[in-house]
Amino acid sequence: MFAVTLADDAELRPLEPWQAAEFAAHAERVRTDVIEYIPWAHTVVDEATARKFLQDYAEKQARDEGRVYGIWVDGVLEGGTVFRTFDAPRGVCEAGVWLGAGARGRGLVTTAVRHMIDWAFGVRGMARVEWICDPRNTASAAVAKRLGMTCEGVLRDAYLLAGERRDEQIWAVLAREWAA
């Protein structure tokens, strides 16, 4: 297993099905912090649903179509990152994140995603990393800006969350633009 140091007390590492109980407890702790924008916050409600979420990502990883990582601070799961989609043949993937309010403001998400983008471009040869967020999620858009991504536009009413049609703001960075 690997761990990437994000700060003296924080690291990024794989989040796997055997950690379902820890993920379920984490989901309960951060639910009110992330539910406005994070779909799994509506569906991960116990250990069984946490295991299903993590197992779905384990299967995506086995097919080389996605990955999920946790962000631990002082040994406590505080957030995570995903390659929500990963299409190696096309060279396009989408990075996503969540973080509990208590761990915000330290640059952990930006640092974690920078490592993910380095890996996607440098190791996997991806051509494009996308970042999709609700335009109202200004904190998410700020991370995309810090990462040097370009806002390419907004897809109106592009997805449904908790019975509400939502817009998606599309950000991206290309391998040829990336300066690690």
| request: Scan region 162-180 and report the pairs whose first residue is on the phi > 0 side of the Ramachandran plot and whose second residue is open to solvent by 40 Å² or more (accessible area, probe 1.4 Å) and of a type outside the set (Val, Ile, Thr), with Cβ atoms within less than 7 Å and a gap of 6+ or a chain change. | output: Ala162/His42
| said: When you check Ala58 against the structure, is it part of a helix (DSSP H, G or I), small (Gly, Ala, Ser), on the phi < 0 side of the Ramachandran plot and surrounded by fewer than 22 Cβ atoms within 10 Å (Cβ to Cβ), yes or no? | reply: yes
| query | Quick one: in region 1-36, which of the residues that are in a loop (DSSP other than H, G, I, E, B) and in contact with a strand residue (DSSP E or B) (Cβ under 7 Å, 6 or more places away or on another chain) is modelled with the lowest pLDDT? | reply | Met1
| field | Hits in region 122-159 (condition: part of a strand (DSSP E or B), at pLDDT 95 or above and more than 16 Å from Phe83 (Cβ to Cβ)) | value | Thr150, Cys151, Glu152, Gly153, Val154, Leu155, Arg156, Asp157, Ala158
| Search result, residues across region 92-121 that are under 11 Å from Trp171 (Cβ atoms) and part of a loop (DSSP other than H, G, I, E, B) | none
| task | Starting from region 71-87, take each residue that is part of a loop (DSSP other than H, G, I, E, B) and list its partners that are surrounded by fewer than 19 Cβ atoms within 10 Å (Cβ to Cβ), counting only C-beta distances under 7 angstrom and pairs at least six apart or across chains. | result | Asp74/Asp9
| Does Val113 qualify as being in contact (Cβ under 8 Å) with a residue 24 or more places away in the chain, closer than 16 Å to Cys93 by Cβ and either more than 14 Å from the chain's Cα centre (by Cα) or open to solvent by less than 50 Å² (accessible area, probe 1.4 Å) (or both)? | yes
| Within region 69-110, how many residues turn out to be β-branched (Val, Ile, Thr), touching an Asp or Glu at 6+ places or on another chain (Cβ under 6 Å) and open to solvent by 40 Å² or more (accessible area, probe 1.4 Å)? | 1
| field | Filtered residues of region 109-130 (kept if under 16 Å from Tyr69 (Cβ atoms), out of contact with any Ser or Thr (no Cβ under 6 Å at 6 or more places or on another chain) and among the small types (Gly, Ala, Ser)) | value | Ala120
| said: I'm checking my understanding of the structure. Among residues of region 155-180 that are among the aliphatic types (A, V, I, L, M) and under 22 Å from Ile117 (Cα atoms), which one is surrounded by the most Cβ atoms within 10 Å (Cβ to Cβ)? | reply: Val173
| task | Report the residue count in region 17-36 for those that are open to solvent by 20 Å² or more (accessible area, probe 1.4 Å) and more than 27 Å from Leu160 (Cα to Cα). | result | 3
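The values are calculated or read from the model by the stated rules, or taken from the named source; none is laboratory data. Source: prediction; values computed, not measured. So basically every Cβ, Gly included, is an ideal-geometry build from the backbone, and we count neighbours across all protein chains shown. With ligands, DNA and RNA removed, areas are computed over all heavy atoms of the protein, side chains included. Shrake-Rupley method; radii C 1.70, N 1.55, O 1.52, S 1.80 Å.
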